[in-house]
Amino acid sequence: MLIKRPSDIKPSEITDESVWKSRRDLLRGGAAAALGITVPSIMSPAMAQQIKLPPFKKNAAMATDEELTSRDAVTGYNNFYEFGLDKRDPAKFADMLKTRPWTLEVTGECENAKTWDIDELTTAFDLEERIYRLRCVEAWSMVVPWIGFELGALIKAAKPTSKAKYVRMETLVDPKMFPGQTPSLFGSSLNWPYVEGLRIDEAMNPLTIMAVGLYGDVIPNQNGAPIRLVVPWKYGFKSIKSIVKIEFTEDEPRSTWNVSAPREYGFYANVNPEVDHPRWSQAKERRVGTIGKRKTLPFNGYGEQVADLYANMDLTKFY
Ligand code: MTE
(Lines give C-alpha, C1' and ligand atoms only; values in the text may rest on other atoms or scores of the structure.)
Protein backbone atom coordinates (compact mmCIF):
# COMPACT_ATOMS: atom_id res chain seq x y z
CA MET A 1 0.00 0.00 0.00
CA LEU A 2 2.87 2.32 0.69
CA ILE A 3 4.35 1.54 -2.64
CA LYS A 4 1.83 2.66 -5.27
CA ARG A 5 -0.48 5.65 -5.20
CA PRO A 6 -3.85 5.32 -6.98
CA SER A 7 -2.55 7.56 -9.74
CA ASP A 8 0.35 5.13 -10.22
CA ILE A 9 -1.98 2.26 -11.08
CA LYS A 10 -2.42 2.10 -14.82
CA PRO A 11 -6.10 1.71 -15.75
CA SER A 12 -4.97 -1.10 -18.06
CA GLU A 13 -3.72 -2.95 -14.98
CA ILE A 14 -7.13 -3.12 -13.38
CA THR A 15 -9.70 -2.63 -16.08
CA ASP A 16 -8.80 -3.89 -19.51
CA GLU A 17 -7.55 -7.30 -18.58
CA SER A 18 -10.37 -8.05 -16.14
CA VAL A 19 -13.00 -6.96 -18.67
CA TRP A 20 -11.23 -8.93 -21.35
CA LYS A 21 -10.91 -12.01 -19.19
CA SER A 22 -14.49 -11.94 -17.96
CA ARG A 23 -15.65 -11.64 -21.59
CA ARG A 24 -13.46 -14.61 -22.42
CA ASP A 25 -15.00 -16.57 -19.50
CA LEU A 26 -18.49 -15.62 -20.62
CA LEU A 27 -17.79 -16.72 -24.16
CA ARG A 28 -16.20 -19.94 -23.00
CA GLY A 29 -19.05 -20.63 -20.55
CA GLY A 30 -21.72 -19.68 -23.11
CA ALA A 31 -20.31 -21.95 -25.80
CA ALA A 32 -20.00 -24.79 -23.32
CA ALA A 33 -23.53 -24.28 -22.00
CA ALA A 34 -24.82 -24.43 -25.57
CA LEU A 35 -23.13 -27.80 -25.91
CA GLY A 36 -24.28 -28.90 -22.45
CA ILE A 37 -20.80 -29.50 -21.08
CA THR A 38 -18.78 -28.22 -18.11
CA VAL A 39 -15.46 -26.58 -18.95
CA PRO A 40 -12.63 -27.66 -16.67
CA SER A 41 -10.53 -24.68 -15.57
CA ILE A 42 -6.88 -24.82 -14.55
CA MET A 43 -6.56 -26.86 -11.36
CA SER A 44 -6.38 -24.59 -8.31
CA PRO A 45 -4.29 -25.48 -5.23
CA ALA A 46 -7.57 -26.12 -3.35
CA MET A 47 -8.62 -28.63 -6.03
CA ALA A 48 -5.17 -30.21 -5.94
CA GLN A 49 -5.53 -30.65 -2.16
CA GLN A 50 -9.11 -31.94 -2.62
CA ILE A 51 -10.63 -29.28 -0.40
CA LYS A 52 -14.41 -28.96 -0.54
CA LEU A 53 -16.67 -26.33 0.93
CA PRO A 54 -19.49 -27.49 3.25
CA PRO A 55 -23.02 -26.52 2.10
CA PHE A 56 -23.94 -22.84 2.46
CA LYS A 57 -27.05 -20.66 2.12
CA LYS A 58 -27.35 -17.41 0.20
CA ASN A 59 -28.14 -14.49 2.49
CA ALA A 60 -30.10 -12.10 0.27
CA ALA A 61 -30.62 -9.58 3.08
CA MET A 62 -26.85 -9.17 3.37
CA ALA A 63 -26.27 -8.84 -0.38
CA THR A 64 -25.76 -5.65 -2.33
CA ASP A 65 -27.51 -5.70 -5.71
CA GLU A 66 -24.56 -4.05 -7.45
CA GLU A 67 -22.86 -5.85 -10.30
CA LEU A 68 -20.26 -8.40 -9.21
CA THR A 69 -16.61 -7.74 -10.00
CA SER A 70 -15.30 -10.47 -12.29
CA ARG A 71 -13.80 -13.48 -10.53
CA ASP A 72 -10.59 -13.02 -12.49
CA ALA A 73 -10.16 -9.47 -11.20
CA VAL A 74 -10.97 -10.48 -7.61
CA THR A 75 -8.45 -13.32 -7.69
CA GLY A 76 -5.84 -11.79 -9.99
CA TYR A 77 -5.29 -8.27 -8.70
CA ASN A 78 -4.86 -7.79 -4.97
CA ASN A 79 -2.65 -7.07 -1.99
CA PHE A 80 -1.11 -9.92 -0.02
CA TYR A 81 2.38 -8.79 0.94
CA GLU A 82 3.34 -12.24 2.20
CA PHE A 83 3.48 -13.21 -1.50
CA GLY A 84 5.19 -10.01 -2.68
CA LEU A 85 4.64 -6.31 -3.29
CA ASP A 86 3.19 -6.46 -6.79
CA LYS A 87 -0.56 -6.88 -7.12
CA ARG A 88 0.02 -9.81 -9.47
CA ASP A 89 2.34 -11.60 -6.99
CA PRO A 90 -0.42 -13.17 -4.85
CA ALA A 91 -1.91 -15.01 -7.85
CA LYS A 92 1.56 -15.81 -9.22
CA PHE A 93 2.87 -17.46 -6.03
CA ALA A 94 -0.45 -18.69 -4.59
CA ASP A 95 0.25 -22.39 -5.00
CA MET A 96 3.26 -22.19 -2.66
CA LEU A 97 0.78 -21.94 0.23
CA LYS A 98 -0.47 -25.24 1.63
CA THR A 99 -3.72 -24.82 3.53
CA ARG A 100 -4.06 -28.35 4.96
CA PRO A 101 -3.39 -29.16 7.73
CA TRP A 102 -4.32 -25.75 9.19
CA THR A 103 -5.34 -24.70 12.67
CA LEU A 104 -6.79 -21.51 14.11
CA GLU A 105 -5.92 -20.85 17.73
CA VAL A 106 -8.50 -18.89 19.72
CA THR A 107 -6.92 -17.69 22.93
CA GLY A 108 -6.41 -14.84 25.41
CA GLU A 109 -9.12 -13.35 27.63
CA CYS A 110 -11.76 -16.07 27.18
CA GLU A 111 -13.13 -19.09 29.04
CA ASN A 112 -13.11 -21.52 26.11
CA ALA A 113 -9.69 -21.17 24.53
CA LYS A 114 -9.44 -23.72 21.73
CA THR A 115 -7.31 -24.61 18.75
CA TRP A 116 -9.69 -25.37 15.89
CA ASP A 117 -8.90 -27.55 12.93
CA ILE A 118 -10.01 -25.62 9.85
CA ASP A 119 -12.43 -28.31 8.65
CA GLU A 120 -14.02 -28.61 12.10
CA LEU A 121 -14.42 -24.84 12.15
CA THR A 122 -16.18 -24.57 8.79
CA THR A 123 -18.70 -27.22 9.75
CA ALA A 124 -19.29 -25.88 13.30
CA PHE A 125 -20.81 -22.56 12.18
CA ASP A 126 -23.49 -21.64 9.60
CA LEU A 127 -21.93 -20.79 6.27
CA GLU A 128 -23.61 -18.12 4.15
CA GLU A 129 -22.93 -16.38 0.90
CA ARG A 130 -22.95 -12.60 1.27
CA ILE A 131 -22.28 -10.13 -1.50
CA TYR A 132 -20.27 -7.27 -0.01
CA ARG A 133 -18.57 -4.18 -1.38
CA LEU A 134 -14.96 -3.98 -0.28
CA ARG A 135 -13.01 -0.75 -0.69
CA CYS A 136 -9.24 -0.61 -0.62
CA VAL A 137 -7.44 2.36 0.93
CA GLU A 138 -5.84 2.83 -2.49
CA ALA A 139 -9.21 4.04 -3.83
CA TRP A 140 -10.39 1.02 -5.77
CA SER A 141 -13.30 -1.20 -4.85
CA MET A 142 -14.82 -4.54 -5.72
CA VAL A 143 -18.12 -6.39 -5.20
CA VAL A 144 -17.49 -9.95 -4.08
CA PRO A 145 -19.73 -12.92 -3.22
CA TRP A 146 -17.99 -14.17 -0.06
CA ILE A 147 -18.86 -17.39 1.74
CA GLY A 148 -18.27 -17.40 5.46
CA PHE A 149 -19.69 -17.40 8.97
CA GLU A 150 -20.19 -14.60 11.45
CA LEU A 151 -17.14 -13.92 13.57
CA GLY A 152 -19.65 -13.19 16.37
CA ALA A 153 -20.61 -16.90 16.44
CA LEU A 154 -17.00 -17.95 17.00
CA ILE A 155 -16.58 -15.26 19.66
CA LYS A 156 -19.69 -16.46 21.53
CA ALA A 157 -18.33 -20.02 21.50
CA ALA A 158 -15.07 -18.75 23.02
CA LYS A 159 -16.89 -16.94 25.87
CA PRO A 160 -14.71 -13.84 26.25
CA THR A 161 -14.16 -12.62 29.81
CA SER A 162 -15.16 -9.12 30.92
CA LYS A 163 -11.53 -8.05 30.31
CA ALA A 164 -11.78 -8.80 26.57
CA LYS A 165 -12.13 -5.44 24.83
CA TYR A 166 -10.47 -6.24 21.50
CA VAL A 167 -9.68 -9.14 19.18
CA ARG A 168 -6.19 -9.37 17.76
CA MET A 169 -5.52 -11.56 14.71
CA GLU A 170 -2.35 -12.93 13.14
CA THR A 171 -1.47 -14.37 9.73
CA LEU A 172 0.77 -17.44 9.33
CA VAL A 173 4.52 -16.83 9.25
CA ASP A 174 6.31 -19.31 6.98
CA PRO A 175 8.78 -17.96 4.41
CA LYS A 176 8.77 -21.35 2.61
CA MET A 177 5.12 -20.77 1.70
CA PHE A 178 5.18 -16.97 1.64
CA PRO A 179 8.12 -15.76 -0.48
CA GLY A 180 7.45 -12.14 0.53
CA GLN A 181 8.39 -12.96 4.13
CA THR A 182 12.02 -13.54 3.16
CA PRO A 183 13.81 -10.21 3.59
CA SER A 184 15.35 -8.80 0.41
CA LEU A 185 18.55 -6.74 0.20
CA PHE A 186 16.42 -3.75 1.18
CA GLY A 187 14.99 -5.45 4.27
CA SER A 188 11.49 -6.74 4.90
CA SER A 189 8.44 -5.06 3.38
CA LEU A 190 6.48 -5.37 6.65
CA ASN A 191 7.00 -6.81 10.13
CA TRP A 192 5.67 -10.37 10.29
CA PRO A 193 3.25 -11.68 11.31
CA TYR A 194 0.68 -9.40 9.67
CA VAL A 195 -1.51 -8.31 12.58
CA GLU A 196 -4.95 -6.77 12.60
CA GLY A 197 -7.52 -6.08 15.27
CA LEU A 198 -11.06 -4.97 15.96
CA ARG A 199 -12.87 -3.63 18.97
CA ILE A 200 -15.00 -6.46 20.33
CA ASP A 201 -18.30 -4.77 19.40
CA GLU A 202 -17.03 -4.33 15.82
CA ALA A 203 -16.05 -7.99 15.77
CA MET A 204 -19.51 -8.99 17.06
CA ASN A 205 -21.35 -6.91 14.45
CA PRO A 206 -23.34 -9.27 12.16
CA LEU A 207 -21.65 -7.79 9.08
CA THR A 208 -18.23 -9.06 10.20
CA ILE A 209 -17.48 -12.47 8.74
CA MET A 210 -14.73 -15.03 8.55
CA ALA A 211 -14.61 -15.98 4.88
CA VAL A 212 -13.67 -19.44 3.63
CA GLY A 213 -15.00 -19.16 0.10
CA LEU A 214 -15.83 -16.85 -2.76
CA TYR A 215 -17.76 -17.18 -5.99
CA GLY A 216 -19.36 -20.42 -4.76
CA ASP A 217 -16.07 -22.20 -4.17
CA VAL A 218 -13.21 -22.62 -1.70
CA ILE A 219 -11.38 -19.33 -1.23
CA PRO A 220 -8.31 -19.14 -3.48
CA ASN A 221 -4.97 -18.88 -1.69
CA GLN A 222 -4.31 -15.36 -2.99
CA ASN A 223 -7.51 -14.16 -1.32
CA GLY A 224 -6.51 -15.45 2.11
CA ALA A 225 -7.11 -19.21 2.25
CA PRO A 226 -8.08 -21.07 4.22
CA ILE A 227 -9.71 -18.40 6.39
CA ARG A 228 -9.72 -14.62 6.42
CA LEU A 229 -11.62 -11.72 7.90
CA VAL A 230 -14.03 -9.56 5.87
CA VAL A 231 -15.16 -6.25 7.44
CA PRO A 232 -16.99 -4.43 4.64
CA TRP A 233 -17.25 -0.95 6.19
CA LYS A 234 -13.48 -0.68 6.74
CA TYR A 235 -10.64 -0.22 4.28
CA GLY A 236 -9.44 -3.51 2.80
CA PHE A 237 -6.27 -3.71 4.88
CA LYS A 238 -8.31 -4.55 8.01
CA SER A 239 -9.48 -7.76 6.32
CA ILE A 240 -6.52 -9.93 7.36
CA LYS A 241 -5.83 -13.11 5.39
CA SER A 242 -4.70 -16.67 6.17
CA ILE A 243 -5.33 -16.32 9.90
CA VAL A 244 -3.76 -18.71 12.42
CA LYS A 245 -4.49 -16.94 15.69
CA ILE A 246 -7.25 -14.88 17.29
CA GLU A 247 -6.56 -13.44 20.73
CA PHE A 248 -8.90 -11.56 23.06
CA THR A 249 -7.04 -8.63 24.61
CA GLU A 250 -7.66 -5.88 27.09
CA ASP A 251 -5.58 -3.31 25.17
CA GLU A 252 -5.90 -2.06 21.60
CA PRO A 253 -3.69 -4.28 19.39
CA ARG A 254 -0.85 -2.74 17.38
CA SER A 255 -1.88 -3.45 13.82
CA THR A 256 0.68 -3.93 11.04
CA TRP A 257 -0.05 -0.88 8.87
CA ASN A 258 -0.56 1.36 11.88
CA VAL A 259 2.89 0.36 13.16
CA SER A 260 4.57 0.74 9.77
CA ALA A 261 3.00 4.12 8.83
CA PRO A 262 0.97 5.58 11.73
CA ARG A 263 0.30 8.89 9.98
CA GLU A 264 -1.28 7.10 7.03
CA TYR A 265 -3.14 4.17 8.57
CA GLY A 266 -5.09 4.27 11.81
CA PHE A 267 -6.48 1.46 13.92
CA TYR A 268 -10.13 2.13 13.00
CA ALA A 269 -9.72 2.48 9.21
CA ASN A 270 -13.43 3.12 8.64
CA VAL A 271 -14.15 4.07 5.04
CA ASN A 272 -14.52 7.84 5.25
CA PRO A 273 -14.73 10.07 2.16
CA GLU A 274 -14.16 13.13 4.34
CA VAL A 275 -10.81 12.09 5.77
CA ASP A 276 -8.12 12.12 3.10
CA HIS A 277 -5.19 9.79 3.15
CA PRO A 278 -2.16 12.12 3.61
CA ARG A 279 -1.13 11.44 0.01
CA TRP A 280 -4.47 11.24 -1.81
CA SER A 281 -8.20 11.94 -1.51
CA GLN A 282 -10.63 9.29 -0.31
CA ALA A 283 -13.69 11.06 -1.78
CA LYS A 284 -13.94 8.86 -4.88
CA GLU A 285 -13.10 5.35 -5.94
CA ARG A 286 -12.69 3.26 -9.06
CA ARG A 287 -14.81 0.10 -9.19
CA VAL A 288 -12.50 -2.50 -10.68
CA GLY A 289 -13.70 -3.52 -14.13
CA THR A 290 -15.72 -0.36 -14.75
CA ILE A 291 -14.81 2.96 -16.33
CA GLY A 292 -14.81 6.27 -14.45
CA LYS A 293 -15.02 7.01 -10.75
CA ARG A 294 -17.85 6.95 -8.25
CA LYS A 295 -18.36 8.71 -4.94
CA THR A 296 -17.15 6.86 -1.88
CA LEU A 297 -19.87 6.41 0.72
CA PRO A 298 -19.30 6.86 4.46
CA PHE A 299 -18.68 3.46 6.05
CA ASN A 300 -18.62 2.15 2.48
CA GLY A 301 -22.43 2.39 2.40
CA TYR A 302 -22.95 0.33 5.58
CA GLY A 303 -23.59 3.34 7.84
CA GLU A 304 -27.09 2.23 8.81
CA GLN A 305 -25.69 -0.97 10.31
CA VAL A 306 -22.50 0.40 11.92
CA ALA A 307 -22.53 4.19 12.44
CA ASP A 308 -23.84 3.69 16.01
CA LEU A 309 -20.61 1.91 16.95
CA TYR A 310 -18.81 5.24 16.61
CA ALA A 311 -21.33 7.66 18.11
CA ASN A 312 -19.54 10.50 19.96
CA MET A 313 -16.16 9.60 18.47
CA ASP A 314 -14.20 12.15 16.45
CA LEU A 315 -13.63 10.15 13.26
CA THR A 316 -10.99 12.57 12.00
CA LYS A 317 -8.92 11.69 15.05
CA PHE A 318 -9.80 7.98 15.17
CA TYR A 319 -9.17 7.36 11.46
N1 MTE B 1 -3.67 -9.77 4.87
C2 MTE B 1 -2.40 -10.17 4.93
N3 MTE B 1 -2.07 -11.19 5.74
N4 MTE B 1 -1.42 -9.57 4.20
C5 MTE B 1 -1.68 -8.51 3.38
O6 MTE B 1 -0.76 -7.97 2.74
N7 MTE B 1 -3.39 -6.97 2.52
C8 MTE B 1 -4.62 -6.28 2.89
C9 MTE B 1 -5.77 -7.25 3.15
N10 MTE B 1 -5.32 -8.35 3.98
C11 MTE B 1 -3.03 -8.04 3.30
C12 MTE B 1 -4.02 -8.74 4.06
C13 MTE B 1 -5.04 -5.29 1.90
S14 MTE B 1 -4.09 -3.89 1.81
C15 MTE B 1 -6.14 -5.44 1.13
S16 MTE B 1 -6.70 -4.18 0.12
C17 MTE B 1 -6.89 -6.71 1.09
O18 MTE B 1 -6.27 -7.72 1.89
C19 MTE B 1 -6.96 -7.13 -0.37
O20 MTE B 1 -7.26 -8.45 -0.55
P21 MTE B 1 -8.57 -8.96 -1.33
O22 MTE B 1 -8.63 -8.21 -2.62
O23 MTE B 1 -8.34 -10.41 -1.51
O24 MTE B 1 -9.72 -8.63 -0.43
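A few notes on this one:
- Of the solvent-accessible surface of the chain, computed with a 1.4 Å probe and all protein chains present, 55% belongs to carbon and sulfur.
- At full extension, GLU111 and GLU66 could sit 12.1 nm farther apart than now, given 0.36 nm per residue minus the alpha carbon distance.
- Full-extension gain in nm, THR290 to ASP308, via 0.36 nm per residue minus C-alpha separation: 3.3 nm
- Under 5 Å between amide hydrogens, built in the peptide plane, is the criterion, and for LEU214 it picks out ILE147, ILE219 among residues at least 5 positions away or on other chains.
- GNM result for the chain, Cα springs below 10 Å: residue of THR256, THR122, THR182 fluctuating most strongly: THR182
- Computed over the chain, Cα set: Rg, Dmax in Å: 19.0, 61
- Estimated distance in nm for a label pair at GLN50 and THR103, the labels positioned 7 Å out from Cα along Cα-to-Cβ: 2.3
- Loop exposure criterion: trypsin sites (Lys or Arg not before Pro), DSSP state outside H, G, I, E and B, at most 12 other Cβ atoms within 10 Å. Applied to the chain, the longest stretch between such sites is 53-162.
- A 1.4 Å probe run over the protein chains yields, for the chain, 48 Å² of accessible area per residue, whole-number rounding.
- Taking Lys and Arg as +1 and Asp and Glu as -1, the other residues whose beta-carbon sits under 11 Å from that of TYR302 total +2.
- Distance from the Cα centroid of region 54-116 to that of region 279-319 is 22 Å (rounded to whole angstrom).
- Overall, the ratio between the Cα radius of gyration of region 263-319 and 2.2 N^0.38 Å, rounded to two decimals, is 1.20.
- Mean separation of Cα contacts under 8 Å (6+ apart) over length of the chain, as relative contact order %: 20
The values are calculated or read from the model by the stated rules, or taken from the named source; none is laboratory data. Quick caveat, the model's predicted, so the values are computed rather than measured. FYI the Cβ positions are ideal-geometry reconstructions off the backbone, even for glycines, and counts take in every protein chain you see. Note: areas computed on protein heavy atoms with side chains; ligands, DNA, RNA excluded. Shrake-Rupley method; radii C 1.70, N 1.55, O 1.52, S 1.80 Å.
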